[in-house]
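*Asks:* Could you have a look at this structure, given as structure tokens, before my questions?
Computed from the coordinates by the stated procedures, all read-outs in this text should not be read as laboratory data. If you're wondering where the values come from, they're calculated on a predicted model, not measured in any experiment. No Cβ is skipped: glycine too gets one built from the backbone with ideal geometry, and neighbour counts run over all protein chains shown.
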Amino acid sequence: MIEEEVEPPAGSSTNASPPKPQALPATPLPVDYNLFEVGTQDKVDPYMVPVVIDGANLLMEIDTGSALTLISQTTFSALWPQEKSPHLESTSIRLRTYSGEELRVVGRAVVRVRCGGQVEEDLGLVVVGGEGPSLLGRDWLGRLRLDWREIRMLKTTLDTPDTLEAVLAKHSSLFSDELGTIRGVTAKLHVSPGAKPRFYRPRSIPYALRSRVDQALQKLVSEGIVEPIQFSEWAAPIVPVVKRDGSIRVCGDYKLTINQVAQVDTYPLPWSRHFCITC
């Protein structure tokens, strides 16, 4: 919450009743109105809009609860060199937070603002002491026609990197280039009684694919998927499949060997009506 007070003009009677709080622009405002929260963090991230103030780029927070547009003295000094900074005029404006603390007003400057494709002259910019957010208040909102679709897009763009980095860091194992493996489990294949091992010699591979097939096999070995052996009673030929990117997928033609004698667990597939009955 904020209160804006105007000091009485010089020479006025001290016995006269104090003037009521006034607001800029001239439209009367409530005595208390929102400017920004001190020492708190909103769960909803603010909406930001890029503007160019007297040639300096600044990303400002849209605050429809603030009657005035203001920046901190730290931001003011960082935007312009001292010889090129806008002229700060003394002002009688007093700003108070919702808790009654008074903000030190350094001054007020009249600036030229470019936002998107529009340019506005003679906009008032209040500079307060210390550090704090750059707030785009209702005085500027009344003259700048903002494209809210672009603002929402900008907010999404600003928020996405942090959110994406957090997700990637939390689930780093899922996005690793390494192949996931099941540990502590041994798979067994059961064959029919009396089944005889079947050994098939390798098929010839086109010369144009040999180097890529060798690379694919070496990758499988390095990832621990397969391992070379010297002897075996079972052997199935491989079938190299060319992917869209030109790499090779190595497939085993097991329909000639183990698939013919393997004991496969069979069970009836459920019907959709069975699921409806149990719901």
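*Asks:* What FRET efficiency do you get for E131 and A169 if R0 is 41 Å and r is their Cβ-Cβ distance, rounded to the nearest 0.05?
*Replies:* With R0 = 41 Å, the Cβ-Cβ based efficiency is 0.90.
*Asks:* Could I ask something else about it? What order do you get for 253-260, 56-63 when each peptide is scored by the mean count of other beta carbon atoms within 10 Å, highest first?
*Replies:* 56-63, 253-260
*Asks:* Calculate the FRET efficiency for F231 and I277 from the Cβ-Cβ distance with a Förster distance of 51 Å, rounded to the nearest 0.05.
*Replies:* The computed FRET efficiency comes out at 0.40.
*Asks:* Restricting to Cα atoms and excluding each atom paired with itself, what does the Kirkwood estimate give for segment 48-142 in Å?
*Replies:* By the Kirkwood definition, the hydrodynamic radius is 13.5 Å.
*Asks:* Treat each spin label as a single point 7 Å out from the Cα along the C-beta direction, and report the R145 to D265 distance in nm.
*Replies:* With each label point 7 Å from Cα toward Cβ, the separation is 6.9 nm.
*Asks:* Is there a pair in K188/K243; K196/K255; K196/K243; K196/K219; K219/K255 whose C-alpha atoms are over 26 Å apart, and which pairs would that be?
*Replies:* Violating the 26 Å limit, Cα to Cα: K188/K243; K196/K243; K196/K219.
*Asks:* I'd like the FRET efficiency for A195 and R244, computed as 1/(1 + (r/R0)^6) with the beta carbon distance as r and R0 of 51 Å, rounded to 0.05.
*Replies:* 0.85
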